[in-house]
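Before any comments, here is the structure.
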Amino acid sequence: MNWSSISFISWPLALGVAAVAVPALILLYLLKLRRRDMEISTTLLWKKAVQDLQANAPLQKLRRNILLLLQLLVLAALIFALAEPVMKSASFTGQKHVILIDRSASMATLDASENPNRRETRLEEAKRQALVMVESLREPGLIAKATNAIGDEAMVIAFDNVSDVRQSFTSDKQKLRAAIESITQSDAPTSMGEAMRLAKAHAPKRLHVENNQTQVIEGLSGGAPIAIHLFSDGRVPDADAAKPSPEDSFVFHRIGSDKSGNVGITSVRAQRSYENPSALSFFVGLQNSDPAERTVDVELVVEGSVAAIKQVTMPGATKPVADGAAANAGAPAPTPDQPQGANADLSGDEQQRLTADLNPGVGGVVFNVEREDALLAEIRLRAPTGSGGDLDAFPTDDRVYVNAGPAKRLRVAIVTDGSLFLSSALAGLPLAELKTITPAEYKALADKGTTLPADVIILDGSLPAASANAPAAGLPPGRYLILNAVPTPKAAGEQAPPPLTDKGKGGNATIVDWQRTHPALRNVGLDSVFLAETRDVDVRPGSTAVTLARTERGPAIIELSSGPTRALIVPFDIGATNWPLDVSFVVFLASAIDYLGGESLAGATDTPQMGSTISERLPAGATDIRLLVPGETSETTLTPLPDGSVVFGPVRRAGVYRLSWKGPAAPGDLSESSRSVRRVPANLLDAPESVVASKQTIALASRVVTAAGSDAFKGDQKLWPWLLLACALMLMVEWYVYNKKTHL
Amino acid sequence: MLRTGSISRPTKLEDLLSSKEIARLDPLDLASRRVFFGKLKGERRSKKRGHSVEFADHRQYVSGDDIRHIDWNIFGRLDKLFLKLFLEEEDLSLHVVLDASASSDCGEPNKYLFMQRCAMALGYVGLVNLNRVACTIMSGVNGDAADRGGQAASEKAVSPVRGLRDLRGRRRVHDLARFICATTPGGTLSFRAAAERIAISRRGKGVMIIFSDFFFKDGYEDGLRLLSGHGYDLILVQVLSPQELEPPIKGDLRLKDIEDADTAEVTISAPLLKRYQANLAAYCNKLREFAHRRDMALLTVKSDTPVDLLVADQLRRLGVLK
C-alpha cells in the first residue's frame, strides 16, 4: 500500500469532530466523578493501596485504562473515516465522461436563474450543474471486483474559440471539482470543433497487439463508449464541425433562457475625413435579437466625458423565411440522444422555429466630432432615459472602445527622375507636403547624413546606397513606397541571406491574388491590372518580407519590415503596365501612403477581436514593457520581438489593454509617471455571439441533439458520512452514560 | 469489610451455641503451652512443686523435710540424701477478650457475632472443666455500644473495657452468655488504653485469648506488649470477614471508615485490589512476626469459619485446647 497516495477529501470535518470529541472523552475520564459512598471496617489498608498506586493522578488513570485506549482508537477510526480518505490505485473504472463547459461571451448572460432577483451568469449555472454531475459519478464499491461496483472517470474541457483541457480523465472528484471551479468567463466567441478534437484525442485508443508489440490504431477509439456532456447555451456556430464517435453518447445540458433578447454593438469604426482630418466619425453597428422593437440610448464617451447621446430604435428580430424543405435541406435526420427535452412533442414548424435563429434587427448610429488629437472613445448602450433597469441580460456587447489617431496630413517625398503618373496621382491627395527630388539630390542628402523630412518617401526606380545605418534591406530607417526597384544589398557584416532576391525582368503577367484585408490594398481592385513586363523576385520564407499581391509568375507587391524600416515594394515598372490608368492605382497610392504614414502614428483604428492577439509596434528604445489586462490588477511583462513589436494573446477579455514602457512615446501615446502608455481596446463585435437566446437543440455533424431534462443525471448522495457522524454522537453519549453509571 | 446490614443480636446462650456445638465442646479441655501456677487444685499441672504422683525434680535433703520423699536410689549411689519433688495439680485461668469496636460489626457473617460465639465456646469449655474464666469486652469510645444490662451510657463512653471475672463451674455458663450478649459493638477503640486497663485489672496468670481484627490505626504493638508482659499465655485470634479478604466492590467509591469516619476516594481497579490484598497480607504477616517474637500464638480466621471447627480443630492444634 502506497501510504503517500492517500489524501483526505473532508479533512476540515474530521478536524472539527476531533477537536470536540477527543477532549470530551478525556475530560470525562479525568474529571472528578461522583463517587458512591461506602462504609467499611477500616480505611487503613485502602489508603495505603491508593497511595501506592497514586490512583488519583490523571496520568495513572490514563496509563492503565484500557477502556479509554480502546475508545480513543475507535474515535480515531471514526475521525479518519469522516475525512473521506482516498487513495490512488489501479482500480477499476467504469463509464468515461467528457465534460465540455462553454465559457464564451454569451455565457456571461445573466439569465441562468429563474429567480429574477438572483442574477447568475450562464457560466456559473453551467459550473454548478457540472459539479452536480461530478458528484453523481459512481465510485467504486468496497469490494469492487466481487460486486462489479466500478467507478466512473471524467475529464473537463473548457472552450470558447480556444479549448484547453482543465483535467484529464480521473475519478478523483476533488480534482474534477477544482478544475470546474477554476474556469473563468471569457469574452471570446464560441467554437466547439477544437474541444471535440481534444476530447477524442484523450479517449483511449484502440490497440493492436501482435508479437508482443502494441500498436495504436489511429482513428478508432478503444474501451467503453464515452459520454460527452456539453454545458452550453447552444450558441455554437461550428457545432456541425463536431463529430463524436458513433458509439459515444452526447448529452446537451442547455443553460440559459431561449427567450432572452439582446441589443448589442456588432461593429464600430473610427475614421477621419480624408478632406478634413479634424472631422472624426464613429460608425456604430447595432443588432437587436429581441423579437420586439427596441429603443436604446447610444452614448459616445470621449476620454471619459460623454460627448454625445443618440436614441436609436431598432426593429425586432424576424422569423426566417418559412420554407420547411429549404430550411431542412442538407441537415441530417434528427436522432436525438439522451433524454428528450420538453419539445419532443412539438410540430416540425415549431421545432424549426425554436432551433433556427431569428434574423436580428439591425441598426446603426454615427457620431461626428471635431477633434484633431488622438483619443480613446467608448460607445455604450443604455436603456432609454426614464425606463429604468438594465438594458438586457448580456452586458458584454453593450460597450465598445475604439482608438482614433490624431488628425494629421502626411508629408510625402518622391525621389524620381520624373514620373508623370506619380505626380498626377499624388497631386490629388490631401497631403501636408509633396516634395519631389532627384535621386542625386537624395544621395547628396544621405551623404551629408541628413534625413529627408517626410513621413513617407516614394522611391521611384532608385534605392539609397548601402550604409552602416541601413539594415539588411539596404534602407535607412523610415517608411518607403518603392516602385520599380527591389532592395537587396546586405549591410556589411550581416550573415543571413537577404529577404528578397531580384531575378531580373520577367515576362508579362496579371495579378491573380492579393490580400484584400491589408490596409494598403483595402478597396483596391487589381483584377484588371496587366503587366507587360514583370520583375521576378524571390521572397525568402521566414524573412521579414511578406507577399501582398502576386502574379502567376511570382510576387507583385511585397511588404518589407525590419526594425524601424517599413516598405511597400512594387518591383515592376508601373510604366510597363496599365495600372496607372486604373483608378485602383490612385486608391493604392492613397492607401499605401496612409498605411505607411499611419504606422508612425499611435492608435490604429482597428481593434483586435476576441481570441486574436494584440500586436503593437512600439517606438525604438522602448524598455520594461508591461501590459495590464482589463479586470486584473497585476501587470504582465512582455518581451519585444526583433522588429520592435510586442504581441499578446489570445485576447479573452473585452476592454482597454494598457501597454506601458520606459522610453519615448509615439504621437497619440500618453505619458504617465515617467512611463509611456498606449491604450489598446479589445471588443467582442461578434454578431452571432450577440444573439444570446439559448438553443434547444444542437446540430452536430452526425446527429441533432436535444437539450436534456433537468434530471439528466441522478446522483448518488453519500449517506455514510451522516451515519458516521451519528455513530460518533452515540459514542459520546455512551461514554457519558457509562461514566455517570446511569441506568436507562 | 462492609457494615453488616440488619443483624439479629444474640441474647442468650442458645443464640450463641447450638446444642450440637455444645455437645462437641464437652470433651474438650483447656491446655497451655506453658505450665502456670493455679490458685486452686484443679485438673491442671502446675510448676509449683507439690504432692502429686508426677516426679518433677530433686533437691538436697535438709532437716525437717518429709523423709517419705527421699530418693533412696540416689542415696545408694551417691551416699547423699535427696528429696523427690512432684508437680502440683492446679486450676488454669482463661481470659477471653473481645474487640467490640465498630470495625468488628462488619462483614457477612458478622465478625463480632463470630467472636461472641467463639468466646462463648471457649468460656464453656473452661467453665465445665472447673477452670477460672474471665471475659473482657473492649468497647469503642463514643460508639453506640449499649449495655443492655443497665450500665449508664455515660459511664460506657469513658470506659473502654467491661469485664466479668472469677467464673467457675457449669452453673456460671449462662452468666457468661448473658454478659457476652449484653454488648453491642460500636465506636472507636483505643487498643493501647484498653490493654492497659486489662493489664492493670488482671490478676494471676493464665491463658488470654484476644478476639479482634487488630485493625488499630494507633497500632497494636503497645497494647500487646502490655498484655504479654504480665505472664499470660497470649493467644491472638484475628477475625476477618470474607469481604475484607476479597472485597466485592467496584467503581468509583468514597470509602468511609466506620469508626472514625475517615474517607478514602478510590477507583476500584484490578491493580488497586491487588495492592490492597498485598497490603493486607503484609499487615497480617507483620502481626504474625510480632506475635512470634513475643511468644504469642496468632490464628487468622474468617468469620464464616464454623465455630466448632475453630475450637475443636484449629485451637486444639495450636495447643489451646486438648
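The values are calculated or read from the model by the stated rules, or taken from the named source; none is laboratory data. Since the structure is predicted, the reported quantities are computational estimates derived from the model, not experimental observations. Heads up, the Cβs are rebuilt from the backbone with ideal geometry, glycines too, and the neighbour counts pull from every protein chain shown.
Annotation note: of A:LEU53, A:LEU28, A:LEU44, the sole residue that is surrounded by 14 or more Cβ atoms within 10 Å (Cβ to Cβ), facing chain B (nearest Cβ under 10 Å), under 29 Å from B:LEU2 (Cβ atoms) and at pLDDT below 80 is A:LEU53.
Scanning the range B:226-251 for residues that are out of contact with any helix residue (DSSP H, G or I) (no Cβ under 8 Å at 6 or more places or on another chain) and either over 18 Å from B:TYR276 (Cβ atoms) or part of a strand (DSSP E or B) (or both) gives B:SER228, B:GLY231, B:TYR232, B:ASP233, B:GLY251.
Among residues that are outside any strand (DSSP E or B) and farther than 26 Å from A:PRO642 by Cα, A:GLY525 is included. A single entry from A:ALA520, A:ALA545, A:ALA509 fulfils the requirement of being closer than 23 Å to A:THR488 by Cβ, small (Gly, Ala, Ser) and modelled with pLDDT of 90 or more: A:ALA509.
For the range B:264-280, a residue qualifies if it is within 32 Å of the chain's Cα centre (by Cα) and more than 7 Å from chain A (Cβ to nearest Cβ), and the qualifying residues are B:LEU273, B:LYS274, B:GLN277, B:ALA278. The condition of being surrounded by fewer than 20 Cβ atoms within 10 Å (Cβ to Cβ), away from chain A (no Cβ under 14 Å) and modelled with pLDDT of 90 or more holds for only one of B:ASP166, B:ASP175, that being B:ASP175. Each residue in the range B:67-101 was checked for being part of a strand (DSSP E or B) and either more than 30 Å from B:GLY187 (Cβ to Cβ) or at pLDDT 85 or above (or both), and 17 pass. Looking at A:ALA556, A:ALA576, A:ALA592, just one residue is surrounded by 20 or more Cβ atoms within 10 Å (Cβ to Cβ) and more than 23 Å from A:THR451 (Cα to Cα), and that residue is A:ALA556. Among the numbered conditions (1) of a type in the set (A, V, I, L, M); (2) more than 17 Å from the chain's Cα centre (by Cα); (3) within 22 Å of B:LEU321 (Cβ to Cβ), the only one that B:ALA193 does not meet is (3). Filtering the range A:299-321 to residues that are in a loop (DSSP other than H, G, I, E, B), within 20 Å of A:ALA693 (Cα to Cα) and not charged (D, E, K, R) leaves A:PRO315, A:GLY316, A:ALA317, A:PRO320, A:VAL321. A:ARG652 passes every criterion in (1) more than 19 Å from A:ASN683 (Cβ to Cβ); (2) in a loop (DSSP other than H, G, I, E, B) apart from (1). Please tell me if B:SER212 is within 12 Å of chain A (Cβ to nearest Cβ) and within 14 Å of the chain's Cα centre (by Cα). When the stated conditions are applied, B:SER212 passes them.
Here B:LEU309 qualifies as more than 14 Å from chain A (Cβ to nearest Cβ), of a type in the set (A, V, I, L, M) and in a helix (DSSP H, G or I).
Here is a yes/no grid of residues against (1) assigned to a loop (DSSP other than H, G, I, E, B); (2) touching a residue at least 12 places away in the same chain (Cβ under 8 Å); (3) not basic (Lys, Arg):
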| position | (1), (2), (3) |
| --- | --- |
| A:LEU521 | yes, yes, yes |
| A:VAL537 | no, yes, yes |
| A:SER543 | yes, yes, yes |
| A:VAL546 | no, yes, yes |
| A:ARG553 | yes, yes, no |
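Among the residues of the range A:180-196, those identified as in a helix (DSSP H, G or I), touching a strand residue (DSSP E or B) at 6+ places or on another chain (Cβ under 9 Å) and surrounded by fewer than 24 Cβ atoms within 10 Å (Cβ to Cβ) are A:GLY193, A:GLU194. If a residue must be farther than 19 Å from A:TRP661 by Cβ and either modelled with pLDDT of 85 or more or in a loop (DSSP other than H, G, I, E, B) (or both), how many such residues does the range A:596-632 contain? Residues meeting the conditions: 8. Applying the set (1) within 13 Å of chain A (Cβ to nearest Cβ); (2) out of contact with any strand residue (DSSP E or B) (no Cβ under 9 Å at 6 or more places or on another chain) to B:ASP252 leaves exactly one unmet item: (2).
Candidates are the residues of the range A:698-724 that are at pLDDT 80 or above and not in a loop (DSSP other than H, G, I, E, B); the one that is surrounded by the most Cβ atoms within 10 Å (Cβ to Cβ) is A:ALA707.
Residues checked against (1) buried (at least 16 other Cβ atoms within 10 Å of the Cβ); (2) of a type in the set (S, T, N, Q); (3) away from chain A (no Cβ under 13 Å):
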position: B:GLY219; (1), (2), (3): no, no, no
position: B:LEU224; (1), (2), (3): yes, no, yes
position: B:ASP233; (1), (2), (3): yes, no, yes
position: B:LEU236; (1), (2), (3): yes, no, yes
position: B:LEU240; (1), (2), (3): yes, no, no
position: B:GLU244; (1), (2), (3): yes, no, no
position: B:ASP257; (1), (2), (3): yes, no, no
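Scanning the range A:417-458 for residues that are closer than 15 Å to A:GLY597 by Cβ and touching a strand residue (DSSP E or B) at 6+ places or on another chain (Cβ under 9 Å) yields a total of 14. Being surrounded by fewer than 22 Cβ atoms within 10 Å (Cβ to Cβ) and more than 14 Å from chain A (Cβ to nearest Cβ) is a property that holds for B:GLU289. When restricted to residues that are out of contact with any Pro (no Cβ under 8 Å at 6 or more places or on another chain), more than 21 Å from A:LYS695 (Cα to Cα) and among the charged types (D, E, K, R), the range A:233-271 contains 1. Condition check for A:SER676 on (1) on the phi > 0 side of the Ramachandran plot; (2) among the hydroxyl-bearing types (Ser, Thr, Tyr); (3) crowded, with 21+ Cβ neighbours inside 10 Å: one failure, at (1). Filtered by the rule that a residue be closer than 15 Å to A:LEU381 by Cα and out of contact with any helix residue (DSSP H, G or I) (no Cβ under 9 Å at 6 or more places or on another chain), the range A:278-289 gives A:PHE282, A:PHE283, A:VAL284, A:LEU286, A:ASN288. Checked against (1) assigned to a helix (DSSP H, G or I); (2) within 9 Å of chain A (Cβ to nearest Cβ); (3) closer than 18 Å to B:LEU189 by Cα, B:TYR283 passes all but a single condition, namely (3). Restricting to the range A:264-291, give me the number of residues that are assigned to a loop (DSSP other than H, G, I, E, B) and in contact (Cβ under 8 Å) with a residue 60 or more places away in the chain. Adding up the residues that qualify gives 7. Could you please find all residues in the range A:181-224 being among the basic types (Lys, Arg) and modelled with pLDDT of 60 or more? Answer for the range A:181-224, where residues must be among the basic types (Lys, Arg) and modelled with pLDDT of 60 or more: A:ARG197, A:LYS200, A:LYS205.
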